1. Working from Cα positions, state the angle (0 to 90°, nearest 10) between the long axis of helix 137-149 and the longest principal axis of the chain.
2. If the limit is 27 Å between Cα atoms, which of Lys199/Lys374; Lys290/Lys361; Lys199/Lys361; Lys144/Lys374 go over it?
3. Nearest 10 degrees, 0 to 90: what angle lies between the long axis of helix 395-407 and the longest principal axis of the chain (Cα atoms)?
4. What's the longest piece of the chain with no exposed GluC sites (Glu not before Pro), counting a site as exposed if DSSP puts it in a loop and it has at most 11 other beta carbons within 10 Å?
5. For the chain, build the charge dipole from Cβ charges (+1 Lys, Arg; -1 Asp, Glu) around the Cα centre, then report which of Ile156, Pro65, Pro472 sits farthest towards its positive end.
6. Suppose the chain between Arg458 and Asp108 were pulled fully straight at 0.36 nm per residue; how much longer would it get relative to their current alpha carbon spacing?
7. What does the charge dipole of segment 134-271 about its Cα centre add up to, to the nearest 20 debye, if the Cβ of each Lys and Arg holds +1 and the Cβ of each Asp and Glu holds -1?
8. Could you state the accessible area per residue of segment 260-377 in Å², with a 1.4 Å probe and every protein chain left in place?
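The values are calculated or read from the model by the stated rules, or taken from the named source; none is laboratory data. Please read all numbers here as calculations on a predicted model, not as lab measurements. Backbone-built Cβ (ideal geometry, glycine too); neighbour counts: all protein chains shown. These area figures cover heavy atoms from the full protein model, side chains too; ligands, DNA and RNA do not enter into them. Shrake-Rupley method; radii C 1.70, N 1.55, O 1.52, S 1.80 Å.
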Amino acid sequence: MSKKIVVVGGVAGGMSFAARCRRLDPTAQIVVFERGRDVSFSNCALPFHLSGVVAEASDLVLVTPQIFRERYNLDVRPGHDVIRINRAAKTLTVRRVDTGEEFDEPYDVCCLSPGASPIIPDIPGKDADTVHVVRNVTDIERLKPACDAATDIAVIGGGFIGLEVMENLRRTGKNVTLIEAADQVMTRLDADIAQLLHKEIHDHGVTLLLGDPVARIDGDTLTLASGRTVTAQTVVMAVGVAPETSLARAADLQIGTTGGISVDHNYRTSDPSIYAVGDAIEEYGRLTGKPVRLTMAGPAQRQARAAADHVNGRTNRHTGVIGSSVIRVFDLTAASTGLNDTECAAAGLSYDTIYYINANKVGLMPDSAPLHLKLLFETPTGRILGAQAISTDGADKRIDVVAALIMQGATVHDLTELELCYSPMYGTAKDILNMAGLVAVNQLTGDITQVQMSDVRRLLDEGATIIDVREPGEYAQGHITGAINIPFSQFRDRLDEIPQDTPVYLHCRIGQRSYYVTRELNQIGYPLARNINGAFLGLSCLEYFHDLTDPRERVVTDYNFN
């Protein structure tokens, strides 16, 4: 007798699970209940309808219930809300959204893929008609005309959805204010890397307000915690999402320490007949060995395949997740993989970082641009823990390579030997990943000591000696306040100007020339010479937005981002 498989929730997790079960068992009876109107749509492409990149909202729908029935023999029922799991009876209580009719549906195997729900802060005015969320196609159909009719729009939240909504609305000429309660957007990135996005957002005419949460919404006026007011006829709430676990909790399924549904390595819940995949579950963090939550389509699809395999008697290899992601913000691409500073510290890892800047392709090419790369690695093993990159082009490629290396347990030594594709149009002969590996190895082995560019303000307050080894013309275009200009081409003749018995901090534009000088100084009687990680270009980006929001004296006298 064929088994009865019932799936709760569609999209990446639920529909992938159902389709895989069908491929493995053509005789199974498979039913999918979806609360919403659409069971298969591109969540991640929703914001791009606001600018017309996705011309019609209907284009966001990938596969209809009719196609699922005709091609895959799946009984897909949108507009059906599963309101209760009756574990003892192995039935689901289902309510039809349009009529309110309720009925029980039996199952042999159940898979939960309810996803995550938008977080709505408990503030006065949150339920106003002007406030919108972006979760499905129906949401975006309501939001698009509201945005078209508005002049001023406020986006609350600087994560993936918030940034994409912000960019697409700004591209249509709207006055957009992006409000983020934290001190930075994209908390997946570290603060030093995120500053590049702050500059990009500001340079494209968006009002960016950080560290100032919304306190209330009154008609067209948002009042922030600081008392500042923002005018907006339309408000997009993109604060974040929470795992949808109400069904699981009511059924007394085990909930994990992160608040997601707890599953084993086969994605089976505490009830052996019930599986769970997608945004609602907690996963195994490969790098820390601790539970994590990850709201991304790629992992959800892999989870769905593994769960379906186990349902059908197949074994699977559970590798855990590392959290790779990418986003475009106007002309920049920001990508990351693995752990960031906050996560490494929270996990109690012994680690170090390097911040390296190089051209994303040979400098002779007309569209060559700086590529900023941050690499995190374990000490003393050199195991790669994470990486973040930002550039106009090529950031995603480098982070994909690092992600593959992390999955193989590689170290920074492996980066130095990578053999990557090379053409002047696509990279440099010694790629930035090779260079980052070399710098990390030097730092790991003690061949050079570096300080972070985020320490420069403190060093200046302490009266530290900072030496700029760029040429005089570069120094004149902008420099660190109080830095002494001793160019690379002159330093051997000016050694008497460099202290030997106190720390000295050196930098150039991207860190290469100052590295050479630091290495030589260390070997000729200047053991306290230190290189500044990230150099002047990184510091300029870090301080640019800092100076816009902080009235204190500027650390950098001018900026040269080229």
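1. Roughly 60 degrees between the two axes.
2. Correct reply: Lys290/Lys361; Lys144/Lys374.
3. The answer is roughly 70 degrees.
4. The segment 102-416 is the longest one with no such site.
5. Toward the positive end, the furthest listed residue is Pro65.
6. Extending this stretch completely gives an extra 119.7 nm.
7. Charge dipole, segment 134-271, about its Cα centre: 200 debye, nearest 20.
8. So segment 260-377 comes to 38 Å² accessible per residue, rounded to a whole number.
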